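Reading through the structure tokens given below for one structure.
The values are calculated or read from the model by the stated rules, or taken from the named source; none is laboratory data. Quantities reported herein were computed from a predicted structural model and do not represent experimental measurements. With ideal geometry, Cβ positions are generated from the backbone for all residues, glycine too; neighbour counts draw on all protein chains shown. For accessibility, only protein heavy atoms count, side chains too; no ligands or nucleic acids. Shrake-Rupley method; radii C 1.70, N 1.55, O 1.52, S 1.80 Å.
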Amino acid sequence: GINAEYGDPPRAAMRRGFAGRNLGDLFGRVSPVTLIICALAFLATLRLIYSFVPSVTFPGRALQTLSAATWNIAAINNNPFEYWITYDESPVYQKLMGDLESVMESPGMQDVQVDKVFTPEMFDSLVESMSLAGIGSLDKVRGAWDKDLKKRAIITGFLKDSALGKKRLASMPDRFTNTMGLADGGVTFRPTVINCYAGDLSSQAAWFEQWHSFMFQDEIKLAGEQESIRGVHSVLSRISRSKYPALTQDEEDMSIPLQILCQGIFDAILVHLMNSLAPGQWQPMKKEMCTNLNHQKIPRTIDILSSQYSQNDLIFLQEVSADFVNRLQASQLEQSHHIVLPAELDSKRDQNSVILMRKQRFSSTHLEITPLVESTLKSSLPAGAKMPVANGDLLAIKAQDLSGSKFLLASFHGDTNGLASIPVLDAVHKAAEQSQDRTLIFALDANTYKDDKKGERQSVSGFTSKFQDLGMNSCWGPNPDPDRHTTCNARTYLQPQLNKACRTPERRSDGSIVTFPAKADVNLKDYILFYERQLTFHSTIRDNTGDRVYQEGVFYPTMAFPSDHGITETILTHKQDSQL
């Protein structure tokens with residue numbers, strides 16, 4: 001499309017071409033079919049002219065209006081059950097999650113001993129395999145089993161034990177073995193409820209046979225490795241007591257075999273609960289969830305960007321994986337936009353920031369200045385402080401549009417608590433001060449919250465005060481409303497950190513949530529920032545449906561919307577008194 005400020009050159013040309021002519025003289029002798037063909041050809045020509053207007057009609061003139069969108073597309077979540085999702089079309093999901101919550105809160109007869117679901121025979125088999133693998137401290141592990149672990153109640157004594165959570169004895173091995181990248185580009189899954197493993201988990205015996213083989217027998221060649229390993233137990237490492245002080249010295253000493261045992265108990269409990277609550281139903285439902293939330297996440301994300309947001313002059317993305325980049329470069333967006341990647345693309349963490357510049361608006365020429373911004377950031381930190389930004393988190397470039405206007409563009413994904421957002425904002429500002437002839441547009445997931453939790457995280461108000469002090473404005477105006485959320489999610493009970501789990505929210509008759517749980521992440525986190533002296537915004541939209549619509553009162557991702565962050569799009573206009 002063409003902005004209002006650009007006028008309407010094609011129609012003006014049409015008026016000039018036919019001025020003073022007798023249309024009857026032109027078309028009176030032409031057949032209707034020929035007229036229709038000519039009209040269609042004329043409309044196609046008009047469409048082609050419109051698509052090139054910004055680059056051919058006003059050379060050397062600053063284009064006044066600019067559209068930009070930002071989206072943290074979110075790394076693929078290996079656990080389809082980790083967050084509450086809006087899945088109204090599945091009564092199985094609603095009932096299962098409700099029943100699971102009831103069991104967790106009031107387990108009653110379901111709270112059986114650990115050795116009823118992870119049997120003594122399973123334990124003996126596990127110890128034998130660990131011994132053959134050369135793993136030590138097995139006498140201590142047997143003592144922990146006999147004296148403590150096997151006697152615990154599966155819910156109140158194991159899953160909900162906060163001390164066990166602080167020791168990371170189940171969540172740490174899950175991090176490393178849940179979903180593992182392979183050398184051939186594929187992935188392999190630990191046999192468990194909380195990933196996209198597709199094997200038969202309909203009984204404890206079926207589960208253990210597959211789990212045991214995965215941990216000790218299957219030959220696997222992991223991504224980035226030259227040699228194959230037999231069983232994935234070898235990827236686990238010792239848990240340090242200095243980092244996790246809840247551990248005892250004995251637990252640190254036997255932390256590798258203890259992790260394997262606790263992981264087995266944890267997985268066994270989840271398989272038992274799912275088969276008790278939704279036998280024969282939960283695995284087909286999980287398969288559908290994995291298809292929509294995991295396997296189709298990248299295609300669906302690219303489809304939303306292509307169909308709904310490709311008209312934007314700039315698209316800023318965060319948490320982009322190397323696989324997403326490969327598919328993006330093979331999509332229609334590669335035809336319409338220059339895809340700018342960080343030089344230090346991190347394919348292991350897979351949380352990269354990317355910028356797309358519309359080819360009809362921007363030149364492909366650009367200069368990455370990320371190292372300059374990061375150097376400025378590092379010099380501002382206290383001596384010995386750890387750099388709060390990893391490779392790929394930040395992308396900053398100098399760019400130029402086809403009219404000759406110069407820009408400084410940046411895309412950033414902040415840390416979980418948002419404490420890096422202000423230092424990075426300062427560093428980007430200092431880089432912009434060195435290039436005052438350039439218009440700054442900085443899109444970021446700042447990870448801001450409604451409150452700062454006594455300084456533990458970044459508040460919206462604190463972040464707002466900072467960008468105001470730097471002479472900036474935002475796509476939400478100078479004083480963003482913290483209740484204008486761009487995230488809305490909450491953890492379920494089907495994940496290793498039960499201290500973060502949220503109960504089922506109360507819903508209205510239309511399915512929308514009445515009151516969000518206290519632990520839910522319902523916050524304004526995503527911003528597009530710019531200098532007040534250079535730009536002003538006309539309108540901003542949020543989208544959590546993929547249809548340019550924001551639906552209030554629902555958790556996302558949903559089966560149709562693949563991210564836990566909404567899309568933000570804004571229309572900006574250059575001010576007449578700016579540097580341009």
* Asked: Per-residue accessible area for GLU456 at 1.4 Å probe radius, Å² rounded to 10?
  -> 110
* Asked: Measuring from label point to label point, each 7 Å out along Cα→Cβ, what is the ALA385 to ALA133 span in nm?
  -> 4.1
* Under Karplus coefficients 6.51, -1.76 and 1.60, residue-wise ³J(HN,Hα) of the stretch 436-448 in Hz, glycine/proline x -> 6, 7, 10, 7, 8, 9, 10, 9, 7, 8, 7, 6, 9
* Which net charge results for the neighbourhood of LEU277, defined as the other residues with beta-carbon distances under 15 angstrom from its beta-carbon, given Lys and Arg at +1 and Asp and Glu at -1? -> -2
* Sites ASP483 and GLU252 - FRET efficiency at Förster radius 30 Å, r taken between beta-carbons, to 0.05 -> 0.10
* Heads up, I need the accessible area for ASP250: 1.4 angstrom probe, whole protein in place, Å², nearest 10. => 80
* Asked: By how many nm would the segment from THR416 to GLN113 lengthen if fully extended, with 0.36 nm per residue of separation less the alpha-carbon distance?
  -> 105.5 nm
* Structure fact -> Full extension between SER234 and ASP303 adds, at 0.36 nm per residue less the Cα distance, a length in nm of 20.9 nm
* **Apportionment of accessible area to carbon and sulfur, the stretch 158-223, percent (1.4 Å)** => 51
* Once amide H atoms are built 1.01 Å from N in the peptide plane, which residues 5 or more positions from SER563, or in another chain, come under 5 Å H to H? -> THR558
* Asked: Which percent of the accessible area of the stretch 255-405 is formed by carbon and sulfur heavy atoms (probe 1.4 angstrom)?
  -> 48
* When you count, for each residue, the other Cβ atoms within 10 Å and take the mean per peptide, how do 104-114, 251-261, 150-160 rank with the highest first? -> 251-261, 150-160, 104-114
* To do: Measure off, as a whole percent, the carbon and sulfur share of the 1.4 Å-probe accessible area of the stretch 414-563, all protein chains present.
  => 45
* **Summed side-chain charge close to THR192 - residues other than THR192 whose Cβ falls under 14 Å, Lys, Arg +1, Asp, Glu -1** => -2
* Given LYS378/LYS398; LYS147/LYS500; LYS297/LYS348, the pairs whose alpha carbons are separated by over 25 Å -> LYS147/LYS500
* To do: Using θ = phi - 60° and the Karplus relation 6.51 cos²θ - 1.76 cosθ + 1.60, list the HN-Hα couplings for the stretch 458-471 in order, rounded to whole Hz, with x at every Gly or Pro.
  => 8, 8, 4, 5, x, 5, 4, 4, 5, 5, 5, 4, 8, x
* Asked: Of LEU270, MET104, GLN308, which is farthest on the positive side of the dipole of the chain, counting Cα position, with +1 on Lys and Arg Cβ, -1 on Asp and Glu Cβ, and the Cα centre as origin?
  -> GLN308
* Asked: Given Cα pairs under 8 Å that are at least 6 residues apart, what percent is the relative contact order of the stretch 311-415?
  -> 30
* Per residue, how much accessible area does the chain show when a 1.4 Å probe rolls over the protein heavy atoms, in square angstrom? -> 45
* **Stretchable slack from GLN226 to GLU209, in nm (0.36 nm times residue separation minus alpha-carbon distance)** => 3.3 nm
* **Ordering of 231-243, 79-91 by packing [mean C-beta count within 10 Å, highest first]** => 79-91, 231-243
* Structure fact -> A correct Karplus calculation of ³J(HN,Hα) over the stretch 378-388, with 6.51 cos²θ - 1.76 cosθ + 1.60, θ = phi - 60°, whole Hz and x for Gly and Pro, returns 4, 5, 8, 7, x, 4, x, 6, 6, 4, x
